[in-house]
Amino acid sequence: MDRIVFLGTAGGRASVFRFLRRSGGFLLYLSGSLVHVDPGPGAFVYLHQIGVDPRSIDLVVLSHIHLDHSSDVNAVIESATDGGKARGVALFAPRSAFEGSARVVLPFIRERLAKEGFLEEGSELSYRSVRVKAVMKHTHHGAETYALLFNDRVLYVSCALYEDRMLKMYPENVDLMVINTTLYRKTKPIDHLTVKDAEKLISELKPKRVVLTHFGYEFLQNHDPRLVAEELSLRYGVWVISAEDFMEVPL
Ligand SMILES: [Zn+2]
Ligand SMILES: [Zn+2]
């Protein structure tokens, strides 16, 4: 059954590294393949805790190289390939994950991959039953970051500064939109999405369902994401929920 499973729902440095919630990204089960998106801190452990054998992972995808999205990429690939014995795992990520001084994928781990793909705005990569389109390059603190569309069904709005260009570049009416809503509101000029930004995406692009996730420190300390989601649901007549750690949603 196609579904999404959230390993962790914390976002941004303070929330992740002070451990307000778990992190570790999410799993997508799509047409018989298993994709692990943004395996941040703890991902490897949480996979085992929820009873997922990492060797069942087909594809790992990084939206960008910030540590809260990528820190466990090597451990996850190492376990997914059974220590290099199985050669059936692919990795799609920005070029900056593989090359340059800030790369996060270790050279010997790269050699274990069945396929590597560099995300680029507008291009689509595929592996087994999964197609990943980098629908837009985001502005996000100078890191090469992409919004990702999986099998034309699931749009992952990764971390970003809101831009009106999103309304043109993102598809309408997707089955599920996952929005990294790190901020409740903007109190300083940082490149993350707020509730207001999420609201704009929902009202303009009319996804069938929405999950808010990747909550920052201030959001979690002072607000209740469940109430925010409920309010958006009522206002726009769209199914909106806030993600919880280890939550599973059928697609
Ligand atoms: Zn992030
Ligand atoms: Zn980031």
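Before moving on, here are some points about what is shown:
- Cut-off 15 Å between beta-carbons: net charge of the residues surrounding Arg110, Lys and Arg +1, Asp and Glu -1: +1
- Between Asp53 and Ala102, full extension at 0.36 nm per residue minus the direct alpha carbon distance yields a gain of 14.7 nm.
- Label zone at Trp239 (point 7 Å along Cα-to-Cβ), backbone N below 15 Å, region 198-213: 207-212
- Paramagnetic reach from Ala114 in region 62-79 [backbone N under 20 Å; point 7 Å along Cα→Cβ]: 62, 73-79
- Whole-Hz ³J(HN,Hα) from phi, Karplus 6.51 cos²θ - 1.76 cosθ + 1.60, for region 191-200, glycine and proline x: 8, 9, 7, 10, 4, 4, 5, 4, 4, 4
- The 3J(HN,Hα) values that the Karplus relation (6.51, -1.76, 1.60; θ = phi - 60°) gives for region 175-184 are, in residue order, 5, 8, 10, 9, 10, 6, 9, 6, 10, 6 Hz. Gly and Pro appear as x.
- Estimated FRET transfer efficiency (Ala14, Lys85; beta-carbon r; R0 41 Å; 0.05): 0.60
- For Phe215, residues with placed amide H under 5 Å, excluding near neighbours: Ala10, Gly11
- Our Cα-only numbers for region 80-160 put the radius of gyration and Dmax at 13.4, 38 Å.
- Percent of Cα pairs exceeding the 23 Å cut-off, where the set is the chain: 45 percent
- Sum of side-chain charges, Arg95 neighbourhood, beta-carbon under 13 Å (Lys, Arg +1; Asp, Glu -1): -2
- Only helices enter this figure: runs of n ≥ 4 DSSP H residues, each worth -39500 (n - 2.57), summed and divided by the residues of the chain, yield -6500 deg cm²/dmol at 222 nm to the nearest 500.
- Here the simple spin-label model places points 7 Å from the Cα toward Cβ, and for Lys206 and Glu248 these points are separated by 3.3 nm.
- When you filter the GluC sites (Glu not before Pro) in region 114-207 for DSSP loop state and at most 10 other Cβ atoms inside 10 Å of their Cβ, you are left with Glu172.
- Backbone phi angles across region 75-87, fed through the Karplus curve with coefficients 6.51, -1.76 and 1.60 (θ = phi - 60°), yield HN-Hα couplings of 5, 5, 5, 4, 6, 5, 8, 6, x, x, 6, 9, 10 Hz in residue order; Gly and Pro are listed as x.
Values quoted throughout were computed directly from the atomic coordinates according to the rules given, and no laboratory measurement underlies them. Just so it is clear, the structure is predicted and the values come from calculations on it, not from any experiment. For neighbour counting, all protein chains shown are included, and Cβ atoms are generated from backbone atoms with ideal geometry for every residue, glycine included.
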